[in-house]
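S.K.: One structure follows; several queries about it will come next.
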Amino acid sequence: MKTIIIVEDEFRIRRGLSNLVNKVDMGCKVIGEAENGFEGLKMIRDLECDIVITDIRMPKMDGLEMIEKAKKMGAVCSFVILSGYADFEYARRGMHLGVKEYLLKPVMISDVKELLLKLTIKKNETPAGHLENVQYSRMVSEMVAMMEESYGMRLGLDVFSEKFRLTPEYISNLFGKETGMTFSNYLKKIRIEKAKELILTTDMKIYEIACSVGYPDQKYFSKVFKEYTGASAKQFAIDSRKEERRSAGD
């Protein structure tokens, strides 16, 4: 979970941006809001955040002075300048301070999504980001192991969200990147493959197999099974037995 501080003297803009960050739900959390550069600098020092989004023109200390002082203090967070068209010359000064990302007022939800995605990719290219990627890979491996072992139980993203203390949406994105499949399709694959195995190796009834692989509703199980295999569970069982007899006759 990446942490964000927002520094903006207008309460409406500050709170609106904070709400947008939470709404896009991309694994980021606003941990502090400041109304001027002086307060922002104190928060940067005390909270050690990952990202600072700051306005430029503010009372007591402007955003550029705050960024300069923060860097002198050794802050390693990413700085984003929140600017309007009239602030363009100020924004150019920000480039000399190493600021590479900007948000243009009025801020739209698509702008926030694009910014956070860009900053996430950049962080993952650093050594710290590499370590984080390794941790996420292990997390997804743990999810897969749990799915393969407990496929008959109720398993949803909410279960793993609570376990790893990340939002379901964030976990879903991570899982997709690591496996190339959505969480639901991966779980479906595990369950139906196990169901096929049980049909081939046991005398269990279809409804018993459905329950044992996590589908208490037999009609829904039959629908999913047919979507996955191209045949109903009953037809799959009949075809499999025919094939067995044919092989035995040979």
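The values are calculated or read from the model by the stated rules, or taken from the named source; none is laboratory data. Predicted model only: the values in this text are computed from it and were never measured. When we count neighbours, we look across all protein chains shown, and the Cβ atoms used for this are built from the backbone with ideal geometry, even at glycine. Just so you know, the surface numbers come from the protein's heavy atoms only, side chains and all, with ligands and any DNA or RNA stripped out. Shrake-Rupley method; radii C 1.70, N 1.55, O 1.52, S 1.80 Å.
S.K.: Looking only at residues in region 205-219 that are among the hydroxyl-bearing types (Ser, Thr, Tyr) and closer than 19 Å to Ala231 by Cα, which one is least open to solvent (accessible area, probe 1.4 Å)? Lay out the reasoning, then the answer.
M.R.: First, the residues of region 205-219 that are among the hydroxyl-bearing types (Ser, Thr, Tyr): 207, 212, 215.
Adding the requirement that they be closer than 19 Å to Ala231 by Cα leaves 207, 215.
Working: Tyr207: 122, Tyr215: 20 Å².
Ranking the candidates gives Tyr215 first.
S.K.: For region 112-121, does any single residue satisfy the condition of being at pLDDT below 75 and either more than 20 Å from Asp9 (Cα to Cα) or buried (at least 20 other Cβ atoms within 10 Å of the Cβ) (or both)?
M.R.: Taking region 112-121 and keeping what is at pLDDT below 75, we get 120-121.
The next check asks that each one be either more than 20 Å from Asp9 (Cα to Cα) or buried (at least 20 other Cβ atoms within 10 Å of the Cβ) (or both); those that pass are 120-121.
Yes, region 112-121 has at least one match.
S.K.: Sticking with this one: Would you check if Glu89 is open to solvent by 20 Å² or more (accessible area, probe 1.4 Å), more than 29 Å from the chain's Cα centre (by Cα), at pLDDT 90 or above and not polar (S, T, N, Q)?
M.R.: Numbers: open to solvent by 20 Å² or more (accessible area, probe 1.4 Å): yes; more than 29 Å from the chain's Cα centre (by Cα): yes; at pLDDT 90 or above: no; not polar (S, T, N, Q): yes.
For Glu89, the condition - open to solvent by 20 Å² or more (accessible area, probe 1.4 Å), more than 29 Å from the chain's Cα centre (by Cα), at pLDDT 90 or above and not polar (S, T, N, Q) - is not met.
S.K.: State yes or no: is Tyr186 touching a Gly at 6+ places or on another chain (Cβ under 6 Å) and under 30 Å from Lys113 (Cβ atoms)?
M.R.: Working: touching a Gly at 6+ places or on another chain (Cβ under 6 Å): no; under 30 Å from Lys113 (Cβ atoms): yes.
Judged against the criteria, Tyr186 is not a match.
S.K.: Out of the residues in region 162-193 that are of a type in the set (A, V, I, L, M, F, W, C) and assigned to a helix (DSSP H, G or I), state the one that is surrounded by the fewest Cβ atoms within 10 Å (Cβ to Cβ). Walk me through how you get there before you give the answer.
M.R.: Keep residues of region 162-193 that are of a type in the set (A, V, I, L, M, F, W, C), which gives 164, 166, 171, 174-175, 181, 183, 187, 190, 192.
Keeping just the survivors that are assigned to a helix (DSSP H, G or I) gives 164, 171, 174-175, 183, 187, 190, 192.
Numbers: Phe164: 15, Ile171: 23, Leu174: 21, Phe175: 22, Phe183: 22, Leu187: 20, Ile190: 18, Ile192: 22.
Looking at residues that are of a type in the set (A, V, I, L, M, F, W, C) and assigned to a helix (DSSP H, G or I), I get Phe164.
S.K.: For Tyr151, state whether it is farther than 16 Å from Gly27 by Cα and of a type in the set (Ser, Thr, Tyr).
M.R.: Working: farther than 16 Å from Gly27 by Cα: yes; of a type in the set (Ser, Thr, Tyr): yes.
Taking the combined requirement at face value, the residue satisfies it.
S.K.: Would you kindly identify the helices (runs of 4 or more DSSP H) lying entirely within region 1-99 that contain at least 2 residues that are closer than 21 Å to Glu114 by Cβ and without any contact (Cβ under 8 Å) to a residue 12 or more places away in the chain?
M.R.: On the way: elements: 11-24, 37-47, 63-73, 88-96.
Per the criteria, 11-24, 88-96.
S.K.: Right, something else. Can you work out which of the residues in region 21-42 that are of a type outside the set (D, E, K, R) and surrounded by fewer than 20 Cβ atoms within 10 Å (Cβ to Cβ) is farthest from the chain's Cα centre (by Cα)? Walk me through how you get there before you give the answer.
M.R.: Within region 21-42, the first condition is being of a type outside the set (D, E, K, R), and the residues that meet it are 21-22, 24, 26-28, 30-32, 34, 36-38, 40-41.
This time we only want the ones that are surrounded by fewer than 20 Cβ atoms within 10 Å (Cβ to Cβ), so: 22, 24, 26-27, 31-32, 36, 38.
Details: Asn22: 13, Val24: 10, Met26: 5, Gly27: 6, Ile31: 18, Gly32: 21, Asn36: 31, Phe38: 33 Å.
Only one residue fits best here, namely Phe38.
S.K.: Identify, by number, the condition in (1) modelled with pLDDT of 90 or more; (2) over 29 Å from the mean Cα position of the chain (by Cα); (3) among the β-branched types (Val, Ile, Thr) that Ile13 doesn't meet.
M.R.: Here Ile13 meets the rest and fails (2).
S.K.: Is it fair to say Glu243 is farther than 23 Å from Gly27 by Cα, among the acidic types (Asp, Glu), open to solvent by 40 Å² or more (accessible area, probe 1.4 Å) and within 24 Å of the chain's Cα centre (by Cα)?
M.R.: Against the criterion (farther than 23 Å from Gly27 by Cα, among the acidic types (Asp, Glu), open to solvent by 40 Å² or more (accessible area, probe 1.4 Å) and within 24 Å of the chain's Cα centre (by Cα)), Glu243 does not qualify.
S.K.: Could you say whether any residue in region 194-204 is of a type in the set (Asp, Glu), over 30 Å from Val76 (Cα atoms) and surrounded by 13 or more Cβ atoms within 10 Å (Cβ to Cβ)?
M.R.: Kept after step one, since they are of a type in the set (Asp, Glu), are these residues of region 194-204: 197, 203.
If we keep only those that are over 30 Å from Val76 (Cα atoms) as well, we get 197, 203.
Filter once more, keeping what is surrounded by 13 or more Cβ atoms within 10 Å (Cβ to Cβ): none.
Scanning region 194-204, I find no residue that is of a type in the set (Asp, Glu), over 30 Å from Val76 (Cα atoms) and surrounded by 13 or more Cβ atoms within 10 Å (Cβ to Cβ), so the answer is no.
S.K.: Oh, and also: Given Phe164, Phe236, Phe183, which one is of a type in the set (Phe, Trp, Tyr) and farther than 30 Å from Val24 by Cβ? Outline the logic, then answer.
M.R.: Working: Phe164 fails: farther than 30 Å from Val24 by Cβ; Phe183 fails: farther than 30 Å from Val24 by Cβ.
Going through Phe164, Phe236, Phe183 in turn, the sole match is Phe236.
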